[in-house]
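Remarks on the structure that follows.
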Amino acid sequence: MKVNFTKKVSVSVVVPVVNAEKFIKNNVLHIEKYLKNNKNIEKYEIIVSVQTSKDKTWDIAKKLKSATIKPVFSKKKGKWVGLKKGFVVAKYSWIVMLDSDLSYPIEFLDDALKHTEFDIIIGSRYVKGVERHNIPVVRKFFSWGYRTLVRVLFGLREKDIQVGCKLIRKEIFRNIEITDDSWVGDTELLYKSKKKGYISFEVPIDYGYSLNELSVSKAAPKMFFAILKLRLKLWGLI
Ligand SMILES: Nc1nc2c(ncn2[C@@H]2O[C@H](COP(=O)(O)OP(=O)(O)O)[C@@H](O)[C@H]2O)c(=O)[nH]1
Ligand SMILES: [Mg+2]
C-alpha cells in the first residue's frame, strides 16, 4: 500500500501594512481562509504589522485580533521595519512574508509548500510558468536592469528578488541580521542567507500587472542608489 507522507508545516504569515483601511480587513480574512483550508498547513498565525497610519488601518487591525490574527504596531517607517517586528513575534518555524494589498497571491503557497527542502522559497514573477499580461516594455526593461545590477553587485542568481511573497525558514533570522528598514532588505536577506549556505528556490506565481504600481521614472533612481548603498555598507565602506 502506498502511503502519502506529505510533510505538514506550521507558518507565521507576516503582513506589513501602512494606510490600507480600504482593504486590510478583506485581505487578512482572505489569507486566513486560505490557510485554514490548506491541508499542508498544520498551524498558522497572521501577524498584521502596522506602521503609524494616517487612516484607520490600526483601528481595523486591532478589531481583527483573535487566536490566529495578531496585530502589532510600530511607529517607525519602513516595510522591513514592519517585517522584522513580525519576525520577532512569529512562533512557527516557517515565515511567510506577504504584501498586504495581495498584489502577490497567498496561493503561491500551493506550490511553495512542495519545496520545503529548500530554505527560502520565492513566489517568482520571472520563472517559466508565470502568466503575465500587459506589462509595459519600459517596465520589463527596468526589471531586467535591476536584476542584472543585483547579479553583478551581489552575485545573486535569483530572478525575482523584490517580490512580496516568500516562504522562509525562520531559523535563518537567528543567523543573519537584516540592517535595512525599507525594501532593500529583500536583497540583503538573499545575499546574507546565501553566504551562510542557505538555498533558495523560485516557484511561478499568478501575477497580474497593476497600474497602481510605482512609476518607473520615480522608482528607478531611488532603487539604484539604495542598492549601491547596501553594497557599500556590506563591504564595510560606509
Ligand atoms: N509596516 C509597514 N508596512 C509598509 C510600509 N511601507 C509599505 N508597507 C507595506 O509593504 C507592502 C509593499 O508596499 P508597496 O507600497 O506595495 O511597495 P512595492 O510593491 O514594493 O512598491 C504593502 O503591504 C505595504 O502596506 C511601512 O512603512 N511600514
Ligand atoms: Mg506593491
Only one of (1) surrounded by 15 or more Cβ atoms within 10 Å (Cβ to Cβ); (2) over 20 Å from the mean Cα position of the chain (by Cα) is not met by residue 39, so which one is it?
(1)
Would you check if residue 29 is more than 16 Å from ligand 2 (Cβ to nearest atom) and in contact (Cβ under 8 Å) with a residue 60 or more places away in the chain?
no
Take the conditions among the hydroxyl-bearing types (Ser, Thr, Tyr), within 16 Å of ligand 1 (Cβ to nearest atom) and at pLDDT below 95 and apply them to residue 57. Does it pass?
no
Out of the range 152-190, which residues are within 16 Å of ligand 1 (Cβ to nearest atom), of a type in the set (A, V, I, L, M) and touching a helix residue (DSSP H, G or I) at 6+ places or on another chain (Cβ under 6 Å)?
161, 178, 184
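Rundown of residues vs (1) open to solvent by less than 10 Å² (accessible area, probe 1.4 Å); (2) under 12 Å from residue 16 (Cα atoms); (3) within 16 Å of the chain's Cα centre (by Cα); (4) modelled with pLDDT under 95, yes/no style:
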{"site": "48", "(1), (2), (3), (4)": "yes, yes, yes, no"}
{"site": "67", "(1), (2), (3), (4)": "no, no, no, no"}
{"site": "72", "(1), (2), (3), (4)": "no, yes, no, no"}
{"site": "86", "(1), (2), (3), (4)": "yes, yes, yes, no"}
{"site": "92", "(1), (2), (3), (4)": "no, no, no, no"}
Selection count, the range 94-134, where residues are within 16 Å of ligand 2 (Cβ to nearest atom), hydrophobic (A, V, I, L, M, F, W, C) and open to solvent by 20 Å² or more (accessible area, probe 1.4 Å)
1
Name the residues in the range 154-205 that are open to solvent by less than 10 Å² (accessible area, probe 1.4 Å) and basic (Lys, Arg), would you?
166
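The values are calculated or read from the model by the stated rules, or taken from the named source; none is laboratory data. These numbers come from a predicted model, not from an experiment. We place every Cβ from the backbone using ideal geometry, glycine too, and count neighbours over all the protein chains shown. Accessible surface is based on the protein model in full, side chains and every heavy atom, while ligands, DNA and RNA are left aside. Shrake-Rupley method; radii C 1.70, N 1.55, O 1.52, S 1.80 Å.
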